[in-house]
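J.: One structure is given below, represented as structure tokens, and several questions about it will come after.
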Amino acid sequence: MSDTDGKKPLGVGGGAGRSGQVKQSFSHGRTHNVVVETKRKRVVVPAKPGAASGGGRSPSAVSSDPSRRPAGISDAEMERRLAALKAAKAREVEEKAQREAEEKAREEERERRRLEAEAKEREEREREEALRLKAEEDQRRAREAELRAQKKAEVTKPKAPEARPAAPADRAAAEAAAARAETKGVTATAPRKTERERPADDRNNDRNKNRDDNRRTGKLSLSQAMDGEGGRQRSLAAMKRKQEKARQKAMGFSQRAEKQVRDVQLPETILVSELANRMAERTPDVIKSLMRMGLMVTGNQAVDADTAELVIDEFGHRAVRVSDSDVEQVIDQVQDKAEDLRPRAPIITIMGHVDHGKTSLLDAIRKANVVSGEAGGITQHIGAYQVKTESGALLTFLDTPGHAAFTSMRARGAHVTDIVVLVVAADDAVMPQTVEAINHAKAAKVPMIVAINKIDKHGADPQKVRTDLLQHEVVVEAMSGEVQDVEVSAKTGKGLDNLLEAIALQSEILELRSNPDRAALGAVIEAKLDVGRGPVATVLVQNGTLKRGDIFVVGEQWGKVRALINDKGERVDEAGPSVPVEVLGLDGTPAAGDVLNVVSTEAQAREIADYRIKAAKDKRAAAGAAITLDQMLAKAKADQNVAELPVVVKADVQGSAEAIVQALEKIGNDEVRVRVLHYGVGAITESDIGLAEASQAPVIGFNVRANAPARNSANQKGVEIRYYSIIYDLVDDIKAAASGLLSAEVRENFIGYAEIREVFRVTGVGNVAGCLVTEGVARRSAGVRLLRDNVVVHEGTLKTLKRYKDEVKEVQSGQECGMAFENYDDIRKGDVIEIFEREEVQRQL
Ligand SMILES: Nc1nc2c(ncn2[C@@H]2O[C@H](COP(=O)(O)OP(=O)(O)OP(=O)(O)O)[C@@H](O)[C@H]2O)c(=O)[nH]1
């Protein structure tokens, strides 16, 4: 449509219409003249097919050629249509132009931004460069000034007065002289000034001249810029200030960011959050660091000192190990002087296999020593007792037989036992627990005396015991060894005296001594919560003398001795070394094996007890919480496969509770185990029931009963309470219950073999094997395996078992039969059929 594109202007030609021009204007100042014509006369032309669509022609062509105009369209209509068309075209062109313009604007904006960024960058670079050059210039000047000062110092030296820079007066004189010389036609006699001899003014003038020259060149060097130049100087100065500010700021920052190495006080265990606090680091960072070490902890969990030290190192601080246990230093740690030591009674533990007569022997020894006529004839049971031998030696026996008690005491660090009496029944032999007892005694480096018991029994063979012991490196005296052996009968009392004398002798060899005149030190051998008397601990004094009124700390408990009761049930005022006494006046029940120390003041006792409670808590937290990833995985894996029988155990005395727990923990195998959720001393309480309910565990009461609220609670919650007074019954019951958790074992019994002699094809049945039962019996209901060259090729069931034509249930060995497999056809002559039955066997622990 453009007038420049060579197309004909719109029109019908030949003056058929009145022509005119329309000027179109577009963006960017472009214009466009369009020639249009207005029709005066309406010409009706019959419509030709395809004319309406124009057959690809432009509408202008249609309008210019009346013969092609659609029929029945008036000029005015045609004109309107053309105008509409034109307007549409114009709109289109306008929109396109607008789009282009927008795109161009966008492009320009992009370009502008790019240029801006470049300029900014350049400016930045220039500024940096300017600063660098300025710094260099400053340096150079400083050097120059220094040099000048040096030279000045040289020229002002008295030996070279002529070299002194001329004073203005001198200079005037010199100039006058020079003028005179000049007028005389003589070359200047004044010596030519060297650069350094020239006055500063001259040089400044030169420099200014230079600067002016340079300025004239149109170039601005950086030094010039620095030296002056009005506005520039100001902006550079401002820049300098800014730069200085930034530098100071940066320096300040770097000072602040500089790692401050701290001395971190590190106790034996520390909470992660506290550790972070002491290092002035963020807790999450510390947790991350611990995670990198494989420890999954939270801020509220404790870690041990070694782990914490690694973390402290990693953060670049210094660990300073401190011990909260410093509070314990008040406990008298002084070594006793040799002259203060007095002989003391040995402390004896009786060990041996089940039913070899430990309890009987202890009872026999006690009874034999009970002065006839003493109240009840039998002393009060306090966990230990003392006996006097005929020779007058005092011996202290621990009344908790078995190595469980011995080990648990030893595990707590209470080395109480001086001598172990190993009981071996003469009618039996060395049994597993005998060996364990030997090992325990050896591990604790405690000497042993072998008591060969039950010699009254028919069939007793003490010699066999002696030879059996040889296998376990226990060589008794009768076999020319060093271990004393005594034949006894707990039943008849025979040989008991010999045993006591043997113990006395061993004790003499050991030269057991202690200082009775010092603050007492003892070990708890049993503790219980007694109705009416409160917490009671049976303590074996090991050193010093425990007196009424003494203030003491024992494990996590403390107290003041309110009363002391000896093994005969008598109240005593004091207990010396190796004397067992019941101690009343504790603030809580300690644990067997806890050490008792007498201290000076209640405050000390309380402080130590508090520290120990905290330390134990932290230790438990550290042990229970800070599980390594490996442990977590192992646990998760183990938990999937192992069935657990949880139990809550309550017993009358600590010793029984521990013995029960140890026995229960031994029950189980890879698939099943007993888990003691909680154990303790005293009646079964509501809290025990609560715990049991939460884990769906039964509560076991050993010689204790549930109190009324606990009973009600147990009834309501359906928690089972079981009472026992014999440990073996208890263990057997739990073992049976744990066995119930074992999945039944499926056992296979082979019941017969058959050989395939022939294979027949039977329509509707498939391949049928003609067999001979070579062994056992073939049973229809049994499982079968097809063996080819002793390789199992199929396992399944029988579809049919026939004897002649009849379907039978079983076929005996030596008989022929026909067999077909369910869903299996590939049978061959010579194959062997193995017939088996499966049986489920309930396993036992
Ligand atoms: N004939 C005879 N029997 C004895 C003798 N000593 C113990 N017995 C019997 O052996 C059995 C077991 O004795 P205990 O004293 O209970 O044995 P124990 O080693 O303490 O057993 P546990 O406490 O179960 O480990 C009891 O029936 C005793 O009567 C003995 O010298 N002669």
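The values are calculated or read from the model by the stated rules, or taken from the named source; none is laboratory data. These figures come from a predicted structure and were not determined experimentally. Methodologically, a virtual Cβ is constructed for each residue, glycine included, from the backbone with ideal geometry; neighbour enumeration extends over all protein chains shown.
J.: So, in the range 660-705, exactly how many residues are within 14 Å of residue 727 (Cβ to Cβ) and acidic (Asp, Glu)?
T.: Final tally of qualifying residues: 1.
J.: Say whether the condition of being within 12 Å of the ligand (Cβ to nearest atom), at pLDDT below 90 and within 25 Å of residue 662 (Cα to Cα) is met by at least one residue in the range 444-455. Talk me through it step by step, then tell me what you get.
T.: First pass over the range 444-455, keeping only residues within 12 Å of the ligand (Cβ to nearest atom): 451-455.
Checking which are at pLDDT below 90 leaves us with none.
Within the range 444-455, not a single residue is within 12 Å of the ligand (Cβ to nearest atom), at pLDDT below 90 and within 25 Å of residue 662 (Cα to Cα).
J.: Whether any residue in the range 783-806 is more than 60 Å from the chain's Cα centre (by Cα) and not in a strand (DSSP E or B) is what I want to check. Explain how you work it out, then say what you get.
T.: So in the range 783-806, the residues more than 60 Å from the chain's Cα centre (by Cα) come out as 800-806.
With the extra rule that they be not in a strand (DSSP E or B), the set shrinks to 804-805.
Within the range 783-806 (the criterion being more than 60 Å from the chain's Cα centre (by Cα) and not in a strand (DSSP E or B)), the answer is yes, since at least one residue qualifies.
J.: What tally of residues in the range 728-740 results from selecting those that are modelled with pLDDT of 85 or more and either within 17 Å of residue 683 (Cβ to Cβ) or crowded, with 18+ Cβ neighbours inside 10 Å (or both)?
T.: Residues in the range 728-740 being modelled with pLDDT of 85 or more and either within 17 Å of residue 683 (Cβ to Cβ) or crowded, with 18+ Cβ neighbours inside 10 Å (or both): 4 in total.
J.: Of the residues 706, 692, which single one is of a type in the set (Gly, Ala, Ser), in contact with a strand residue (DSSP E or B) (Cβ under 9 Å, 6 or more places away or on another chain), surrounded by 17 or more Cβ atoms within 10 Å (Cβ to Cβ) and without any contact (Cβ under 8 Å) to a residue 24 or more places away in the chain?
T.: Working: 692 fails: without any contact (Cβ under 8 Å) to a residue 24 or more places away in the chain.
Of the residues listed, the single one that is of a type in the set (Gly, Ala, Ser), in contact with a strand residue (DSSP E or B) (Cβ under 9 Å, 6 or more places away or on another chain), surrounded by 17 or more Cβ atoms within 10 Å (Cβ to Cβ) and without any contact (Cβ under 8 Å) to a residue 24 or more places away in the chain is 706.
J.: Find the residue count for the range 266-302, including only residues that are farther than 13 Å from residue 317 by Cβ, in a helix (DSSP H, G or I) and of a type in the set (Val, Ile, Thr).
T.: Residues that pass the stated criteria total 3.
J.: Answer yes or no as to whether residue 500 is more than 48 Å from the chain's Cα centre (by Cα) and loosely packed, with under 15 Cβ neighbours inside 10 Å. Break it down stepwise before answering.
T.: On the way: more than 48 Å from the chain's Cα centre (by Cα): yes; loosely packed, with under 15 Cβ neighbours inside 10 Å: no.
No.
J.: List every residue pair whose Cβ atoms sit under 9 Å apart, with the two residues 6 or more apart in sequence or on different chains, where the first one lies in the range 564-579 and is at positive phi and the second, anywhere, is in a loop (DSSP other than H, G, I, E, B) and charged (D, E, K, R).
T.: Hits for this filter: 578/344; 578/418.
J.: Please go through the range 352-369 and give me each residue that is within 7 Å of the ligand (Cβ to nearest atom) and in a helix (DSSP H, G or I), ordered by number.
T.: 358, 359, 360, 361
J.: Pick out the one residue from 259, 249, 240 that is touching a Gly at 6+ places or on another chain (Cβ under 9 Å), of a type in the set (Lys, Arg) and at pLDDT below 90. Outline the logic, then answer.
T.: Working: 249 fails: touching a Gly at 6+ places or on another chain (Cβ under 9 Å); 240 fails: touching a Gly at 6+ places or on another chain (Cβ under 9 Å).
Within the list 259, 249, 240, the selection yields 259.
J.: Right, here's the next one. How many residues, within the range 303-327, are part of a strand (DSSP E or B) and touching a helix residue (DSSP H, G or I) at 6+ places or on another chain (Cβ under 8 Å)? Working first, answer last.
T.: Of the residues in the range 303-327, the ones part of a strand (DSSP E or B) are 303-304, 318-321.
Applying the additional criterion that residues be touching a helix residue (DSSP H, G or I) at 6+ places or on another chain (Cβ under 8 Å) yields 303-304, 318-319, 321.
Residues flagged as part of a strand (DSSP E or B) and touching a helix residue (DSSP H, G or I) at 6+ places or on another chain (Cβ under 8 Å) within the range 303-327 amount to 5.
J.: Would you check if residue 577 is part of a loop (DSSP other than H, G, I, E, B) and over 46 Å from the mean Cα position of the chain (by Cα)? Give the derivation first.
T.: On the way: part of a loop (DSSP other than H, G, I, E, B): yes; over 46 Å from the mean Cα position of the chain (by Cα): yes.
The answer is yes for residue 577.
Each row is one residue, and each column tells you yes or no for (1) more than 16 Å from the ligand (Cβ to nearest atom); (2) modelled with pLDDT under 90.
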{"position": "478", "(1), (2)": "yes, yes"}
{"position": "496", "(1), (2)": "no, no"}
{"position": "522", "(1), (2)": "yes, no"}
{"position": "528", "(1), (2)": "yes, yes"}
{"position": "531", "(1), (2)": "yes, yes"}
{"position": "537", "(1), (2)": "yes, no"}
{"position": "544", "(1), (2)": "yes, no"}
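J.: Also: Suppose the filter is farther than 21 Å from residue 341 by Cβ and surrounded by 24 or more Cβ atoms within 10 Å (Cβ to Cβ); does residue 526 pass it?
T.: In short, yes.
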